[in-house]
Amino acid sequence: MTGCGVLCAVYNAIQQLQQDEEVDMFTIVRQLLVRNPELITSLVGGVLFRIGVNTLKFVKLVLNSCLLEY
């Protein structure tokens, strides 16, 4: 997955998390690949994907803590 692919996946995951309060990363990545099959280009994509998932977990924690404050 390219850097742009990770950014798109994380952005879409954040949007889905805000709307549905859950995330389906498999579907998000699959939808991105339907639109642009070149987003996942090598084994490095797996590493970048995990970075994206970890980033999403961090964002979820931040959003949850913000919601608890209000």
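The values are calculated or read from the model by the stated rules, or taken from the named source; none is laboratory data. Everything quoted here is computed from the prediction, not taken from an experiment. A quick note on method: Cβ atoms are made from the backbone with ideal geometry, for glycine too, and the neighbour counts reach across all protein chains shown. Surface areas here come from the heavy atoms of the whole protein model, side chains and all, with no ligands, DNA or RNA. Shrake-Rupley method; radii C 1.70, N 1.55, O 1.52, S 1.80 Å.
Structure above, values below:
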read-out: The stretch 12-34 residues that are free of Cβ contacts under 8 Å to residues at least 40 places away in the same chain and closer than 14 Å to Val53 by Cβ, paired with ones that are of a type in the set (S, T, N, Q) and surrounded by 13 or more Cβ atoms within 10 Å (Cβ to Cβ) (beta carbon under 6 Å, 6 or more apart); value: Val23/Gln16; Ile28/Asn12
read-out: Residue within the stretch 42-53 that is touching a Ser or Thr at 6+ places or on another chain (Cβ under 8 Å), open to solvent by 90 Å² or more (accessible area, probe 1.4 Å) and at pLDDT below 75 present; value: no
read-out: Gln16 being open to solvent by 50 Å² or more (accessible area, probe 1.4 Å) and modelled with pLDDT of 85 or more; value: no
